[in-house]
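Working notes, beginning with the structure itself.
The values are calculated or read from the model by the stated rules, or taken from the named source; none is laboratory data. Because the structure is a prediction, the values reported are computed rather than measured. Heads up, the Cβs are rebuilt from the backbone with ideal geometry, glycines too, and the neighbour counts pull from every protein chain shown.
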Amino acid sequence: MAPVVVSNVANPAVEFAGKNTVYVMICGIVAASGGLMFGYDIGISGGVTSMDDFLEKFFPEVFLRKHRAKEDNYCKFDNHSLQLFTSSLYLAALLSSFVASKMCSSFGRKPTMQAASLFFLVGVLLNAFAVDLAMLIIGRILLGVGVGFANQAVPLFLSEIAPAKIRGALNILFQLDVTIGILAANVVNYFMAEKHPWGWRAALGIAGVPACILCFGSLLITETPTSLIEREKLDVGRAMLKKIRGVDKVDAEFDELVRASEQARRVKHPFRNLTKRRSRPQLVIAIAMQVFQQFTGINAIMFYAPVLFQTMGFKSNASLLSSLVIGALNVACTVVSVVLVDKVGRRALLLEACVQMVVSQLAIGVILATNLTATNGLDEGLSLAVVLFICLFISGFAWSWGPLGWLIPSEIFPLETRTAGYAFAVSSNMLFTFVIAQAFLSMMCHMRAGIFFFFAVWIVLMCVFVVFLLPETKGIPIDEMTERVWKKHWFWKRFMDEDVAPGQA
Ligand code: BGC
């Protein structure tokens, strides 16, 4: 494979060489399967919560309301315990990402991924065999812990093992698996909707497959050299570095990692350190990327696509089928991002997508506002137009804010605040996924089509943020960000003026 050359910040004249080895690819593919667990969960909720057998057993009120004639289109699914089913997972993931951050730095990225798969498996069993709402929600909470652990460890793992030149592409394997997980869930929903009365159990139970892939697959992969060196396993760290780079001469990169980890070791309280001025740029950006990602409105569409399509008057199965199309498009357009991210850069993708997404949200809002009343359905032509605008929205999201919401926070922190800082990114994602999952059905009931204009305003804001405040990180080695990115940025450089490492100040 093509050799990769990366410069060294301590001594910019020295360059560290390496190849894109097959072993790195295998590690990347296995670790990314953590994304399958996350994605499957996102995709399965919308389908299961529109299955009658499931609703009748756990949410009889919603079941009755759904089937009552002349129900208000925008309000028929508005039910707090139904929303709690979808969103409890994200609350658990939010809290557990902080525990996972500690585990990542004390024990490594690999055991954190293994723990993720085990929590997830127990959650799957409770869900598939649920006899009452309590069992269902406890199962969801354990799935959430699994997702929190995996989403904390996997993107960091990927960014750390990758050579800088392909870091974007390798990291986006995580998001690619998220989208494959969503698609798989959509396919399962489609077939299981007709299997009465146990279809929903199978749909929830199949989530065990990605967890097993991660659990057994993780036996094959290495710990990241960064984490080994950080935990003072220098010899193993050097050997692993040679193995993943495919060359014997790894001294320059090894020295760089030792320097970064010595600096990191001087920091006793990474979380406290994040409150220091010098951590402000990374923290603000990591949180903003995730908050903005959620305020594109993506999960209003992902979780509730079948519900949304039923709102527009599609029959139950046609609506599941449409979400299948959306799922496939999401995967395909994420591949576009894998190919482009290290070529055109992060900013170009984000900005282009803002335009695409704002147009789609506005168009959907206008069509629904002018045509969908409380009780009618959309005619065929307009329904098709809404589906097309949803596709335009999804494609933009899939090659930009989707993957980059995870990539950028994983590559901008220095080692001493990396796992702690990244925990804020993960938890912000979970918090706002929770907020949207919890609020969307009520917002739709109260704001009606206005909800799409609400998301459009957010997209404009995030575009302005990227233009002024998000620096380009393409191709820059992860431990050189301070010198080459933050100290050079027109705005953020003012936070870099103390020439001491965070934690020492
Ligand atoms: C987001 C999820 C979203 C998914 C869609 C992920 O990056 O975090 O909230 O549902 O992308 O592909």
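Restricting the first member to the stretch 93-118 and to residues that are under 11 Å from Leu156 (Cβ atoms) and in contact (Cβ under 8 Å) with a residue 40 or more places away in the chain, and the second to residues that are basic (Lys, Arg) and surrounded by 24 or more Cβ atoms within 10 Å (Cβ to Cβ), the beta-carbon pairs closer than 9 Å and six or more apart or on different chains are Cys104/Arg418; Ser105/Arg418. Looking at the stretch 309-316, is at least one residue more than 16 Å from the ligand (Cβ to nearest atom) and on the phi > 0 side of the Ramachandran plot? Yes; the residues of the stretch 309-316 include at least one that is more than 16 Å from the ligand (Cβ to nearest atom) and on the phi > 0 side of the Ramachandran plot. Of Val466, Val426, all but one fail to be among the hydrophobic types (A, V, I, L, M, F, W, C) and away from the ligand (no atom under 14 Å from the Cβ); the exception is Val466. Within the stretch 360-415, track down each residue that is more than 16 Å from the ligand (Cβ to nearest atom), under 28 Å from Asp479 (Cα atoms) and not in a helix (DSSP H, G or I). Residues satisfying the conditions are Phe413, Pro414. Out of all the residues in the stretch 433-446, is one or more within 30 Å of Thr226 (Cβ to Cβ), of a type outside the set (Gly, Ala, Ser) and in contact (Cβ under 8 Å) with a residue 24 or more places away in the chain? Yes: the stretch 433-446 contains one or more residues that are within 30 Å of Thr226 (Cβ to Cβ), of a type outside the set (Gly, Ala, Ser) and in contact (Cβ under 8 Å) with a residue 24 or more places away in the chain. Of all residues in the stretch 203-217, those being surrounded by fewer than 24 Cβ atoms within 10 Å (Cβ to Cβ) and within 20 Å of Ala31 (Cα to Cα) number 8.
Of the residues Gln293, Gln263, only one is in contact (Cβ under 8 Å) with a residue 24 or more places away in the chain and within 16 Å of the ligand (Cβ to nearest atom); which? Among Gln293, Gln263, only Gln293 is in contact (Cβ under 8 Å) with a residue 24 or more places away in the chain and within 16 Å of the ligand (Cβ to nearest atom). State yes or no: is Leu55 over 27 Å from Gly405 (Cα atoms) and modelled with pLDDT of 90 or more? Yes.
Suppose we keep only residues that are away from the ligand (no atom under 13 Å from the Cβ) and among the hydrophobic types (A, V, I, L, M, F, W, C) within the stretch 318-335. Which one would you say is farthest from Ile459 (Cα to Cα)?
First pass over the stretch 318-335, keeping only residues away from the ligand (no atom under 13 Å from the Cβ): 318-322, 324-325.
Then drop every residue that is not among the hydrophobic types (A, V, I, L, M, F, W, C), which leaves 318, 320-321, 324-325.
On the way: Ala318: 29, Leu320: 27, Leu321: 28, Leu324: 25, Val325: 24 Å.
Among them, the one singled out is Ala318.
Take Leu183 and tell me if it is assigned to a helix (DSSP H, G or I), touching a residue at least 24 places away in the same chain (Cβ under 8 Å) and surrounded by 24 or more Cβ atoms within 10 Å (Cβ to Cβ).
So Leu183 does not fit the description; no.
Beta carbons closer than 8 Å, at least 6 apart along the sequence or on distinct chains, pair a first residue in the stretch 329-345 that is under 13 Å from Ile172 (Cβ atoms) with a second that is assigned to a loop (DSSP other than H, G, I, E, B) and away from the ligand (no atom under 16 Å from the Cβ) for Val341/Lys474; Asp342/Lys474; Asp342/Gly475. Looking at Ala252, Ala264, just one residue is over 30 Å from Gly402 (Cα atoms), surrounded by 15 or more Cβ atoms within 10 Å (Cβ to Cβ) and of a type in the set (Gly, Ala, Ser), and that residue is Ala252.
Tell me which residues, restricted to the stretch 220-250, are within 18 Å of Pro414 (Cα to Cα), aliphatic (A, V, I, L, M) and over 26 Å from the mean Cα position of the chain (by Cα). Steps first, please.
The initial filter retains those residues of the stretch 220-250 that are within 18 Å of Pro414 (Cα to Cα), namely 224-232.
Of the ones still in play, those that are also aliphatic (A, V, I, L, M) are 228-229.
Within the stretch 220-250, just Ile229 meets the criteria.
Of all the residues in the stretch 243-257, those that are part of a helix (DSSP H, G or I) and either more than 23 Å from Ile476 (Cβ to Cβ) or modelled with pLDDT of 95 or more (or both) number 1.
For the structure I just gave you, tell me whether Phe63 is of a type outside the set (Ser, Thr, Tyr), away from the ligand (no atom under 16 Å from the Cβ), surrounded by 21 or more Cβ atoms within 10 Å (Cβ to Cβ) and over 22 Å from Trp406 (Cβ atoms). The answer is no for Phe63. Summed over the stretch 433-486, residues that are among the hydrophobic types (A, V, I, L, M, F, W, C) and outside any helix (DSSP H, G or I) total 4. In summary, Val386 fulfils each of the numbered conditions (1) touching a Gly at 6+ places or on another chain (Cβ under 9 Å); (2) more than 27 Å from Lys343 (Cα to Cα); (3) among the hydrophobic types (A, V, I, L, M, F, W, C) with the single exception of condition (1).
Among the residues making up the stretch 266-290, a single one is among the polar types (S, T, N, Q) and within 16 Å of the ligand (Cβ to nearest atom): Gln290. Based on what the data block shows, is Glu71 assigned to a helix (DSSP H, G or I), acidic (Asp, Glu) and modelled with pLDDT under 95? When the stated conditions are applied, Glu71 does not pass them. Among the residues of the stretch 276-298, write down those that are over 25 Å from Tyr90 (Cβ atoms) and surrounded by fewer than 21 Cβ atoms within 10 Å (Cβ to Cβ). Residues satisfying the conditions are Lys276, Arg277, Arg280.
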